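These notes concern the structure reproduced below.
Just so it is clear, none of the values below were taken in a lab; they were calculated from the coordinates. No experiment lies behind these values; they were computed from the predicted model shown. Backbone-built Cβ (ideal geometry, glycine too); neighbour counts: all protein chains shown.
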Amino acid sequence: MSFQAYIDHIKAKTGKTPDDFKKMAEEKEFIIAGKLNPKTKATEITNWLKEEFELGHGHAMAIYALFKGKTE
């Protein structure tokens, strides 16, 4: 599955865009000033995505990769 396919599936499942997830991550202070908070571990983010949005591990990691700057 391509990176874009992961993102498309996440949007279809949750109704949320990558920008929506970034905004929510900013509210939780996982992202500060547009960058990942160095005090936040990947596990905290993936656990949040799994619990709140029922994403699988691979899909949660795709969102985390977005937060790190991956675009394709």
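A compact table of results
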{"quantity": "Per DSSP, loop GluC sites (Glu not before Pro) in the stretch 1-50 with at most 11 further Cβ within 10 Å", "calculated": "E29"}
{"quantity": "Under-5 Å amide H pairs with I31, H placed in peptide plane, nonlocal only", "calculated": "E26, N37"}
{"quantity": "Cβ-based exposure ranking for D8, D19, in which fewest neighbours within 10 Å come first", "calculated": "D19, D8"}
{"quantity": "Choice from A33, A25, A60 with maximal GNM fluctuation in the chain (Cα, 10 Å cutoff)", "calculated": "A33"}
{"quantity": "Cleavage-rule hits (trypsin sites (Lys or Arg not before Pro)) in the stretch 29-64: DSSP loop, at most 14 neighbouring Cβ within 10 angstrom", "calculated": "K39, K41"}
{"quantity": "Net charge, F30 excluded, C-beta distance under 12 Å - Lys, Arg +1, Asp, Glu -1", "calculated": "+3"}
{"quantity": "Helical contribution to [θ] at 222 nm, DSSP H n ≥ 4, -39,500 (n - 2.57), averaged over the chain, rounded to 500", "calculated": "-19000 deg cm²/dmol"}
{"quantity": "For the chain, the spread of Cα positions along each principal axis, largest first, Å", "calculated": "30, 24, 18"}
{"quantity": "Net charge over other residues, Cβ less than 12 angstrom from the Cβ of K68 (K, R count +1; D, E count -1)", "calculated": "+3"}
